[in-house]
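K.L.:
My structure is below; once you've seen it, I'll send some questions.
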Amino acid sequence: QVQVVESGGGLAQPGGAQRLPCAASGNIPKDVLAGWYRQRPGKERELVTTITTRHTAHYTDTLTGRFTIARDSANNTVYLNMNNLKPEDTAVYYCHMKTETQSYWGPGTQVTVSS
């Protein structure tokens, strides 16, 4: 089993930045696709970004340039770096890790962008 837990989040000012860590523990396979999703109020959960074991990143077009993902494989941690935050970035952010046969979600962390 793999456990995935996000941290960080909270209130941010418009134009500000936040970094969300996601730590994985347990029996972690060698090849894991890690990613971040978010669910904005009244909307469905949507993909933000993913990163492979080889550090190849993919971003949702609308977030490219403001959000970046980084992976610390030695510590089984993935980071979502968010810059120039906007009120519409307010959401619960979920970490996701996927192997060939299993899918693991974190409980989510709330990010609220407001002045």
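K.L.:
Would you please give the FRET efficiency between Thr64 and Lys98, computed as 1/(1 + (r/R0)^6) with r the Cβ-Cβ distance and R0 = 22 Å, to the nearest 0.05?
P.N.:
0.55
K.L.:
So, with a 1.4 angstrom probe, what is the percent of accessible area on the stretch 56-115 that is carbon and sulfur?
P.N.:
46
K.L.:
I'd like the GluC sites (Glu not before Pro) in the stretch 28-107 restricted to DSSP loop residues with at most 11 other Cβ atoms within 10 Å, sorted by number.
P.N.:
Qualifying residues, ordered by number: Glu44, Glu100.
K.L.:
Mind checking which of Lys98, Lys86, Lys30 has the largest fluctuation in a GNM of the chain, springs on alpha carbons under 10 Å?
P.N.:
Lys30
K.L.:
Under a 1.4 Å probe, what is the accessible area of the stretch 1-100 per residue, stated in Å²?
P.N.:
Here the per-residue accessible area is 54 Å².
K.L.:
At a Cα cut-off below 20 Å, give the aspartates and glutamates reachable from Lys30, other chains included and same-chain residues fewer than 8 away excluded.
P.N.:
Asp72, Glu100
K.L.:
Continuing with the same structure: Compute the Cα gyration tensor for the stretch 36-79, then decide on rounded, prolate or oblate, letting a ≥ b ≥ c be the square roots of its eigenvalues: rounded whenever a/c is under 1.5, prolate when a/b is larger than b/c in the other cases, and oblate in all that remain.
P.N.:
Because a/c hits 1.5 or more and a/b exceeds b/c, the stretch 36-79 counts as prolate.
K.L.:
What nm value, rounded to one decimal, do you get for the distance between Ser114 and Gln39 when each label is placed 7 Å out toward the C-beta?
P.N.:
Modelled inter-label distance: 1.9 nm.
K.L.:
For the chain, what proportion of DSSP beta bridges, expressed in % and rounded to the nearest 5, is antiparallel?
P.N.:
Beta bridges within the chain, antiparallel portion: roughly 90 percent.
K.L.:
Something else: For the pair Asn27 and Leu47, what calculated FRET efficiency results from E = 1/(1 + (r/R0)^6), where r is the Cβ-Cβ distance and R0 = 30 Å, to the nearest 0.05?
P.N.:
Efficiency at R0 = 30 Å is approximately 0.75.
The values are calculated or read from the model by the stated rules, or taken from the named source; none is laboratory data. This one's a predicted model, so the numbers in the text were calculated from it and none came from an experiment. With ideal geometry, Cβ positions are generated from the backbone for all residues, glycine too; neighbour counts draw on all protein chains shown. To get the accessible areas, we keep the full protein, side chains included, count just its heavy atoms, and leave off ligands, DNA and RNA. Shrake-Rupley method; radii C 1.70, N 1.55, O 1.52, S 1.80 Å.
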